[in-house]
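Following: one structure in structure tokens, then a few remarks.
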Amino acid sequence: MAVFKFASCDGCQLSILNLEEDLLALGQALDIVYFPEASSAMRPGPYDIALVEGSITTAEDARRILTVRQQTKRLITIGACATAGGIQALRNWADVESFKQVVYPSPEFIQSLSTSTPISEHVHVDFELWGCPIDKTQLLRVLTDLVSGVQLRLPGDSVCLECKRRGNVCVLVAKGLPCLGPVTRTGCGAICPSMGRDCYGCFGPTEGGRKGPGFPPNTDSLAVRFHDDLQLIPIEVLRRFRGINGYADAFKQEGEKWERKK
Amino acid sequence: MADDNLRILPAAHLQRLLDTLCVRGYRTVAPTARDGAVVWETIRSVADLPIGWRDRQEPGCYRLEQTGAQEIFGIVHGPQSLKPFVFAPREPLLQIERSKDGFTARSTVPPSEKVAVIGTRACDLAGLVIQDRIFLKETYQDSYYAARREGLFVVAVNCTRALATCFCSSMDTGPRAHNSFDLALTEVDDQLLVEAGSIAGQEVLSDLFLPPAPESLVAEAAKRIDACARSQVRRLERSRLPSALYDAHAHPRWDTVAGRCLACTNCTMVCPTCFCHAVEETPDLSQQQTTHVRLWDSCFTQEHGYIHGKNIRPTIKDRYRMWLTHKLASWIDQFGISGCVGCGRCITWCPVGIDLTEELPALLTPSEQQSVINRQQEASGG
């Protein structure tokens, strides 16, 4: 197994290290041969499994992901950046040149694309792990299934299902908070609503990026509720959807709808 | 002659009931205020009850409000029915371990625990009776449910105040708890009318040494419960069910409601009768053991409609139609009773406030399109 990093904060890679005692079992089940975050001993490919963190934001990374793909049997993205472009995908609706001028004393040295895009826009992805960061239990489940040779599956349901299983009181209904839980994919264990705050969609849309009848989630109805009943103004509705997974199709389209209403 | 099962307890002495239940080995559970609603918690003291609070419920909205009064059971209900006590949201069914020559599977049926739930409403009791039919049917008795159900002691509270979302009266499930309770309380100002409904209830009642309830209290309690029934603003017209809803299969209203529905599963999670569940395998990385876990599921998820190679309910419209038709119509064919008890939770806890008492009449009113077809058929003599 190899672990690669692109444009990201390393939080998802840390989730691997946070497996703690399970790391020993993981080390026995898999040969971790390339993981610069954890070890300077790095062996070249080919690899059976590659976990890829981060989005593509430079021309060099766009080339590098092709070589990762060529050397890998099963490529799995880990986290919101790799899977949906991440928070840095906010640049996709902004002027990157002007950011460079403001932030860097010598902007001419910055070699950056004007977009942040998910790995799947560049190469074929075998499986996606959503979340900012990913959930270590989900990661372990996927790795266990890989080792066992069974089909990889993770629940695509809404956060609400998990909230109710945990006995949480709904923050949208009881407090009027603009919670994204109803259209956000489960996996986090409903952390935010369990702490009395509204979900901000860090696990992306329910059912991920699946397409077809019944997809994507009904973000429209929820957005109307935020606007009409919870008194959010259009830019606030836009910001709900344009966050960590703002570039994921379902959220992207809903955000753009409200951008036009601004 | 006074009914021996009817006693009077000053509201200020409710602690005596808790203490008696404790002495009899029950864990006492009651609604407590948390995060803007009430949830079931283990309590030892009456002071833990949300005294002086009421709930206001509207489609998609729940608020607690302080009244300043000393009302003990002013809050009708929170998001949870009795369901979590008997049908656990997540529970292991089997523990499987690899052995030298195969594997061993150990059942994980929970030990029966004595739990007294204080503050159960008639609608929830009706929900429990329906779940009993589903989980305790002779041939397919669910031993996990049975173990939890066995230890359950229900202290019902008859409703003397209806929420805007209540419609138990039209479902014949409330506001008075009719049977299947062990004790039923009716709060009348600073007095509680206590009624025993089972042998276990009678035993607890005899431990309390309460005087018989005066006729005036019994009459006042009945009057307030009746007033509560009459005050309900929502109702469900059931006379044409189940067939009329089957006939509405192609009604355009399903599209309208599907446009609002988030398929988020909240209605089914808070429903006292919804029993759908999924099972998942949770093997460890060393492949030596796995736990077979059952967890609450919902007919609103994509996965739920998936059968080999095909999803039979891919769209939200398919799923909402399936849920409402089952709940209000085919449930009757399947279990001989409606799947709805009129608690109104699915209305309150729907994030967008979809109201089934509004959807049903709309679905049973012939659509414009259908009326035109009918008129054409009449005109042509067919």
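In the set B:ARG234, B:ARG319, which member is within 10 Å of chain A (Cβ to nearest Cβ) and among the basic types (Lys, Arg)? Write out each step before concluding.
On the way: B:ARG234 fails: within 10 Å of chain A (Cβ to nearest Cβ).
From the options B:ARG234, B:ARG319, the qualifying one is B:ARG319.
None of B:CYS261, B:CYS276 is more than 10 Å from chain A (Cβ to nearest Cβ), closer than 30 Å to A:LEU154 by Cβ and of a type outside the set (D, E, K, R) except B:CYS276.
Quick one: would you say B:ALA278 is in a helix (DSSP H, G or I) and surrounded by fewer than 18 Cβ atoms within 10 Å (Cβ to Cβ)? Taking the combined requirement at face value, the residue does not satisfy it. Please go through (1) surrounded by fewer than 16 Cβ atoms within 10 Å (Cβ to Cβ); (2) touching a helix residue (DSSP H, G or I) at 6+ places or on another chain (Cβ under 7 Å); (3) aromatic (Phe, Trp, Tyr) for B:TYR306 and return the number of the only condition it doesn't satisfy. Going through (1) surrounded by fewer than 16 Cβ atoms within 10 Å (Cβ to Cβ); (2) touching a helix residue (DSSP H, G or I) at 6+ places or on another chain (Cβ under 7 Å); (3) aromatic (Phe, Trp, Tyr) one by one, B:TYR306 breaks only (2).
Among the residues of the range B:309-319, just one is surrounded by fewer than 16 Cβ atoms within 10 Å (Cβ to Cβ) and either at pLDDT 95 or above or outside any loop (DSSP other than H, G, I, E, B) (or both), namely B:LYS310.
So how many residues does the range B:255-271 have that are part of a helix (DSSP H, G or I) and either buried (at least 21 other Cβ atoms within 10 Å of the Cβ) or not small (Gly, Ala, Ser) (or both)?
9
For the range A:172-185, filtered to residues that are crowded, with 24+ Cβ neighbours inside 10 Å and out of contact with any Phe, Trp or Tyr (no Cβ under 7 Å at 6 or more places or on another chain), the residue that is farthest from A:ARG197 (Cα to Cα) is A:VAL183.
Given the criteria over 21 Å from B:PRO351 (Cα atoms), more than 9 Å from every other protein chain (Cβ to nearest Cβ) and of a type in the set (S, T, N, Q), does B:SER243 qualify? Here the answer is yes, as B:SER243 does meet what is asked. Scanning the range B:162-175 for residues that are of a type outside the set (S, T, N, Q) and farther than 12 Å from B:ALA221 by Cα returns B:ALA162, B:LEU163, B:ALA164, B:CYS166, B:PHE167, B:CYS168, B:MET171, B:ASP172, B:GLY174. Tallying residues that are of a type in the set (D, E, K, R), touching a residue at least 40 places away in the same chain (Cβ under 8 Å) and farther than 23 Å from A:PRO216 by Cα within the range A:169-194 yields 0.
The rows are residues; the columns are (1) within 14 Å of chain B (Cβ to nearest Cβ); (2) within 24 Å of A:ASN245 (Cβ to Cβ); (3) surrounded by fewer than 16 Cβ atoms within 10 Å (Cβ to Cβ).
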residue: A:ALA7; (1), (2), (3): no, yes, no
residue: A:ILE16; (1), (2), (3): yes, yes, no
residue: A:ASP48; (1), (2), (3): no, no, yes
residue: A:ARG91; (1), (2), (3): no, yes, no
residue: A:ALA94; (1), (2), (3): no, yes, yes
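Would you mind stating whether B:GLN131 is crowded, with 20+ Cβ neighbours inside 10 Å, in the same structural domain as B:VAL155 (by TED's automatic domain parsing) and more than 30 Å from B:GLN15 (Cβ to Cβ)? Yes, satisfied. In the range B:222-233, the condition of being more than 24 Å from the chain's Cα centre (by Cα), part of a helix (DSSP H, G or I) and more than 30 Å from A:ASP220 (Cβ to Cβ) is met by at least one residue. Of the candidates A:GLU207, A:GLU254, the single residue that is under 24 Å from A:LYS136 (Cβ atoms) and within 13 Å of another protein chain (Cβ to nearest Cβ) is A:GLU207.
Looking across the range A:212-232, the residues that are surrounded by fewer than 21 Cβ atoms within 10 Å (Cβ to Cβ) and hydrophobic (A, V, I, L, M, F, W, C) come down to A:PHE215, A:VAL224, A:LEU230, A:LEU232. Scanning the range A:13-59 for residues that are under 14 Å from the mean Cα position of the chain (by Cα) and either closer than 20 Å to A:HIS124 by Cβ or not assigned by TED's automatic domain parsing to the domain that holds A:ILE110 (or both) turns up A:LEU51, A:VAL52, A:GLU53, A:GLY54, A:SER55, A:ILE56. Evaluate the following for A:ARG166: is it out of contact with any strand residue (DSSP E or B) (no Cβ under 8 Å at 6 or more places or on another chain), at the interface with chain B (Cβ under 8 Å from one of its Cβ atoms), surrounded by fewer than 15 Cβ atoms within 10 Å (Cβ to Cβ) and free of Cβ contacts under 8 Å to residues at least 60 places away in the same chain? Yes: the conditions hold for A:ARG166. Before we move on, is B:LYS83 closer than 25 Å to B:GLU280 by Cβ and surrounded by 21 or more Cβ atoms within 10 Å (Cβ to Cβ)? For B:LYS83, the condition - closer than 25 Å to B:GLU280 by Cβ and surrounded by 21 or more Cβ atoms within 10 Å (Cβ to Cβ) - is met. Once the range A:106-151 is narrowed to residues that are hydrophobic (A, V, I, L, M, F, W, C) and within 14 Å of chain B (Cβ to nearest Cβ), the residue that is nearest to A:CYS81 (Cα to Cα) is A:LEU139. Condition check for B:THR348 on (1) closer than 20 Å to B:ALA248 by Cα; (2) in contact with a Leu (Cβ under 9 Å, 6 or more places away or on another chain): one failure, at (1).
The values are calculated or read from the model by the stated rules, or taken from the named source; none is laboratory data. None of these values were measured; they are calculated from a predicted model. Ideal geometry is used to build each Cβ from the backbone, glycine not excepted, and the neighbour counts take in all protein chains shown.
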